[in-house]
1. Restrict the search to segment 19-122; then list the GluC sites (Glu not before Pro) that DSSP places in a loop and that have at most 11 other Cβ atoms within 10 Å of their Cβ.
2. Quick one: Karplus J couplings for segment 15-28, per residue in order, coefficients 6.51, -1.76, 1.60, θ = phi - 60°, nearest Hz, x for Gly and Pro?
3. What's the FRET efficiency of Asp3 with Phe48 using the Cβ-Cβ distance as r and R₀ = 35 Å, to the nearest 0.05?
4. Pull out the extension gain between Asp88 and Arg114, defined as 0.36 nm times the separation in residues minus the alpha carbon to alpha carbon distance; nm, one decimal.
5. If each residue of separation counts as 0.36 nm, what is the full-extension length gain between Ala14 and Lys101 once their alpha-carbon separation is subtracted?
6. Tell me the net charge near Ala94. Cut-off is 14 Å between Cβ atoms, Ala94 excluded, with +1 for each Lys or Arg and -1 for each Asp or Glu.
7. Place the peptides 56-68, 83-95 in order of packing, highest mean first, counting for every residue the other Cβ atoms within 10 Å and averaging per peptide.
8. Kirkwood-based Rg over Rh for segment 8-89 (C-alpha set), two decimals?
Amino acid sequence: MPDTTTTLAVLRDAVRRFAAERDWEQFHSPKNLSMGLAVEAGELMEHFLWMEGEASRQIKLDVNRLGQVADEMADVAVYLLNLANTLDIDLSDAIMNKIAKNALKYPAEKYKGRHSVKDKDF
Ligand SMILES: [Mg+2]
């Protein structure tokens, strides 16, 4: 199921069904889900720990390692989708609203090609 044809609603429903079939909703407090998300983010980061930045880009060439990274990314996403389900947050709205806020905070004309600016530069 590629990103180009799979909606967030489909993914949310899949994780909802997975949890319901196991009666796991009882464990899905926002506290537990947010902590689980952070744990999985740590497992993702472990793949890149101590690598130089450019070496971390080369992981795309290692099919086995890339698969492991994809698994950890999926773990992070599943926790995020479960959290959205538990809190009834529309993730698409939240993402688009946050992109709009970030566009105001980081105007392209100031930040193009830069991750930070000093006030004296402008
Ligand atoms: Mg994991």
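1. Values: sites: Glu21, Glu25, Glu40, Glu43, Glu46, Glu52, Glu54, Glu72, Glu109; in loops: Glu52.
Loop-located and lightly packed - Glu52.
2. Once θ is set to phi - 60°, the couplings for segment 15-28 become 6, 5, 5, 4, 5, 5, 4, 10, 6, 9, 4, 4, 9, 8 Hz.
3. Values: r = 22 Å, r/R0 = 0.63.
For Asp3 and Phe48, the calculated efficiency is 0.95.
4. Working: separation 26, 0.36 × 26 = 9.36 nm, distance 3.55 nm.
Once the chain is fully extended between Asp88 and Arg114, it gains 5.8 nm.
5. Values: separation 87, 0.36 × 87 = 31.32 nm, distance 2.98 nm.
Additional length available on full extension: 28.3 nm.
6. On the way: positive: Arg12, Lys98, Lys101; negative: Asp88, Asp90, Asp93.
Net of charged neighbours comes to 0.
7. On the way: 56-68: 11.0, 83-95: 13.6.
Most protected by this proxy first, the peptides run 83-95, 56-68.
8. Values: Rg = 14.9 Å, Rh = 13.9 Å.
Over the Cα atoms of segment 8-89, Rg/Rh equals 1.07.
A short reminder: the numbers here are calculations on the coordinates, not readings from a lab. Since this is a predicted model, take the numbers as computed values, not measurements. Methodologically, a virtual Cβ is constructed for each residue, glycine included, from the backbone with ideal geometry; neighbour enumeration extends over all protein chains shown.
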